[in-house]
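One structure below.
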2 protein chains.
Amino acid sequence: MAAMLASVAMAQQVPSVPVPTPPTPPPTITRLPSPTQVVENARAHEWSTIAPTDLIIMTLTPDAQGRARQVVIQLMPAPFSAGWVANIRTLARAHWWDGLAVVRVQDNYVTQWGDPDGEDAARARALPANLRVMTEADYTVRPQRAIVSDGPEASGMAWIPDVANNLSNDILTGGLGFYEGFPLAGRRDHHAEMFPVHCYGMVGVGRGLSPDTGSGAELYTVIGHAPRHLDANIALVGRVIEGMAHLSSLPRGTGPLGFYETPAERTTITSIRLASQLSAADQPRFQYLSTDSQSFGLYADARANRRDPFFIRPAGGADVCNIPVPVRRVPS
Amino acid sequence: MAAMLASVAMAQQVPSVPVPTPPTPPPTITRLPSPTQVVENARAHEWSTIAPTDLIIMTLTPDAQGRARQVVIQLMPAPFSAGWVANIRTLARAHWWDGLAVVRVQDNYVTQWGDPDGEDAARARALPANLRVMTEADYTVRPQRAIVSDGPEASGMAWIPDVANNLSNDILTGGLGFYEGFPLAGRRDHHAEMFPVHCYGMVGVGRGLSPDTGSGAELYTVIGHAPRHLDANIALVGRVIEGMAHLSSLPRGTGPLGFYETPAERTTITSIRLASQLSAADQPRFQYLSTDSQSFGLYADARANRRDPFFIRPAGGADVCNIPVPVRRVPS
């Protein structure tokens, strides 16, 4: 798609003989770069390479047509959900998920995977002994124990005021922003706590009723509208950066909460590995557009005020989940 | 699930001998009815029956396992998008969609159906001659030409201030609310215009570049996070109230914008009919929870402040798209 830079409308000369009043000209719209163009124009140093220890490779059994299915997840950066992320690395290194399955697909909510027998103490697969036990307090990060000093705006967290001004969600009164590639929010009435937020493709830790917070062995990803009510109520540990359709287009489960009612309906997990467990030649390499880069700020602004020729009325703002952080696969 | 009405914690007596300080008791949480319980408790007169002329029955060819696939859509109430809705009734009565197909599935965006040859003038199926031609001005409704008098709050549109106070989206500065079962928004900087908003399952009219606004022959539904940037840029004509998974779990198209690259990938539409075209015995009957009922207000509040035992921290608000209007199928 070529850039659309419309010329400024020329003022019309009024002729010297009477003519019918011309129709009101359409408002002049300056065509600035689209979100896609901003990303294409980003400079090399604005892209951050994701470490192999922050990449999860989930391989499902091939689909009905025999096509391979691979899902890639970028893990959440510390200090957010750090204990659960450590557990996920431990479980991947132990090959713990191999042979387990996608057990639940609830429309407009989540796809969930783990041990189908996890609730049955006699049949559940044993967890590694060295998993960390996390608490509800770990769902959020408070400035005094994290890497910020005086609230989000004054933080060293790549909180982007210019972007945040375009972000819209007044229940998240402590601000919205991005940290090392992930969407964050804060609520002032929760003592300036900050926490990652649920967006399409974010990966979280399944759990039972409070105060059980889950180990990280049972995971889900969001396949519908962002369930804002789950924020700070559950641990977010990453996001799907490739292969999301393999999880979002699965048949919905017909049991309560979208659980599959028969084992035959489940999709088997061949393996889950950290990229760092693969040989160097087999490691995929991904980069994300640094969320503290100038281009990311321009991209967020372009998402909030779409200038593609298709659009008539710019929204003037964007939900934090409508600004997905750009990711690209690069040659290994 | 039984109602969870926790008793108020009793104040502890201080014993007369020194003991270690007891741990701080957890905060008392009063378990009020969950959203599901509020809906179950709604009274009969709070449910509104959807007219057969407002119901679209879309039948797809059976799936790979031979199971029937039916999608039911509730059409948008006037005055919103009224011209396009009239066109859709005309097209259904003409059996226009029969034999056409789902042509596009773009992950986290839309599933779209219509004429696969619609862009090819030589092969496109002819449209009925009596379709209305709509303009971009018809995307929104202004108070002076609609059924409101002095802004949303003072309208007769079942705008619900108590609900709106819990709704969160500060880019929609003219307020948020519901009208006859549909989510609406307004923007003050757009002359108090009001318009339906894109949420998961909402149905809209595909179009080309402005000023083409589409006829209603090409339709889509939202299968991901609400694309807020499409609001007031495209006509919304209804929402899927049953069978959404038949559209959301289809394989994603691999062409640009998620279009299928080969005809074999498309799902064929057996028929699209108004319920009123079916015999009385075959007409499905649906009701929605009236959006101006007391129970809907309680439901919206419960969605904004989840009290189910699973939740620890209520969000204190809800995105308008996280308050799906409850619908039920009732015996014909």
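The values are calculated or read from the model by the stated rules, or taken from the named source; none is laboratory data. Treat the numbers as computed from the prediction; the structure is a model and nothing was measured. Virtual Cβ from ideal backbone geometry, glycine too; neighbours counted across all protein chains shown. These accessible areas exclude ligands, DNA and RNA; they are computed on the full protein's heavy atoms, side chains included. Shrake-Rupley method; radii C 1.70, N 1.55, O 1.52, S 1.80 Å.
Residue count for segment A:106-125 under the criterion of being aliphatic (A, V, I, L, M) and not in a loop (DSSP other than H, G, I, E, B): the result is 1.
With respect to A:LEU298, determine if the residue is surrounded by fewer than 22 Cβ atoms within 10 Å (Cβ to Cβ), within 14 Å of chain B (Cβ to nearest Cβ), assigned to a helix (DSSP H, G or I) and not basic (Lys, Arg). Even if it seems obvious, please write down each step before you answer.
Details: surrounded by fewer than 22 Cβ atoms within 10 Å (Cβ to Cβ): yes; within 14 Å of chain B (Cβ to nearest Cβ): no; assigned to a helix (DSSP H, G or I): yes; not basic (Lys, Arg): yes.
So A:LEU298 fails the test.
Here B:TYR260 meets each of (1) within 22 Å of the chain's Cα centre (by Cα); (2) among the hydroxyl-bearing types (Ser, Thr, Tyr); (3) modelled with pLDDT of 95 or more with one exception, condition (1).
Looking at A:GLU242, A:GLU180, A:GLU261, which is the one that is under 19 Å from A:ASP319 (Cα atoms) and surrounded by fewer than 21 Cβ atoms within 10 Å (Cβ to Cβ)? If you could, list the steps in order and put the result at the bottom.
Working: A:GLU242 fails: under 19 Å from A:ASP319 (Cα atoms); A:GLU261 fails: under 19 Å from A:ASP319 (Cα atoms).
None of the others qualify; the one that does is A:GLU180.
Pairs meeting the criteria (first residue in segment B:304-331 and more than 24 Å from B:CYS199 (Cα to Cα), second residue small (Gly, Ala, Ser) and part of a loop (DSSP other than H, G, I, E, B), beta carbons under 6 Å, at least 6 apart or on different chains) are B:ILE312/A:SER210; B:ARG313/A:ALA232.
For the structure I just gave you, tell me whether B:SER276 is open to solvent by less than 60 Å² (accessible area, probe 1.4 Å), touching a residue at least 40 places away in the same chain (Cβ under 8 Å) and part of a helix (DSSP H, G or I). Walk me through it before giving the result.
Numbers: open to solvent by less than 60 Å² (accessible area, probe 1.4 Å): yes; touching a residue at least 40 places away in the same chain (Cβ under 8 Å): yes; part of a helix (DSSP H, G or I): yes.
Yes; evaluated as a whole, the condition is true for this residue.
Listed by first and then second residue, the pairs linking a residue in segment B:111-137 that is over 30 Å from B:SER249 (Cα atoms) to a residue that is of a type in the set (Gly, Ala, Ser) and not in a loop (DSSP other than H, G, I, E, B), with Cβ atoms under 7 Å apart and 6 or more places separating them unless they lie on different chains, are B:ARG132/B:GLY83; B:ARG132/B:ALA86; B:MET134/B:GLY83. A:ASN233 meets all of the listed conditions (1) closer than 26 Å to B:PHE310 by Cα; (2) within 15 Å of the chain's Cα centre (by Cα) but one, namely (2).
Among the residues of segment A:199-244, which ones are of a type in the set (Lys, Arg) and within 10 Å of another protein chain (Cβ to nearest Cβ)?
Within segment A:199-244, the subset of a type in the set (Lys, Arg) is A:207, A:228, A:239.
A:ARG207, A:ARG228 - these are the residues of segment A:199-244 that are of a type in the set (Lys, Arg) and within 10 Å of another protein chain (Cβ to nearest Cβ).
Scanning segment B:74-98 for residues that are open to solvent by less than 10 Å² (accessible area, probe 1.4 Å) and modelled with pLDDT of 95 or more yields a total of 12.
Which of the residues belonging to segment A:103-145 are more than 23 Å from A:MET58 (Cα to Cα) and among the aromatic types (Phe, Trp, Tyr)? I'd like the intermediate steps shown before the answer.
Start the filter on segment A:103-145 by keeping residues that are more than 23 Å from A:MET58 (Cα to Cα), which leaves A:120-123, A:133-145.
Of everything in segment A:103-145, just one residue is more than 23 Å from A:MET58 (Cα to Cα) and among the aromatic types (Phe, Trp, Tyr), namely A:TYR139.
The residues listed here are B:ASN108, B:ASN87; of these, the one that is touching a residue at least 40 places away in the same chain (Cβ under 8 Å) and on the phi < 0 side of the Ramachandran plot is B:ASN87. Please determine whether any residue of segment A:126-133 is within 22 Å of A:CYS199 (Cβ to Cβ), outside any strand (DSSP E or B), open to solvent by less than 40 Å² (accessible area, probe 1.4 Å) and of a type in the set (A, V, I, L, M). The answer is no; no qualifying residue exists. Checked against the criteria, B:VAL103 does not count as in contact with a His (Cβ under 8 Å, 6 or more places away or on another chain), of a type in the set (A, V, I, L, M) and not in a loop (DSSP other than H, G, I, E, B).
Name the residues in segment A:220-239 that are of a type in the set (A, V, I, L, M) and open to solvent by less than 10 Å² (accessible area, probe 1.4 Å), would you? It would help to see each step written out before you state the result.
Restricting attention to segment A:220-239, the residues satisfying the condition of being of a type in the set (A, V, I, L, M) are A:222-223, A:226, A:230, A:232, A:234-237.
A:VAL222, A:ILE223, A:ALA226, A:LEU230, A:ALA232, A:ALA235, A:LEU236, A:VAL237, listed by residue number.
Scanning segment A:313-324 for residues being surrounded by fewer than 21 Cβ atoms within 10 Å (Cβ to Cβ) and more than 7 Å from chain B (Cβ to nearest Cβ) gives a total of 2.
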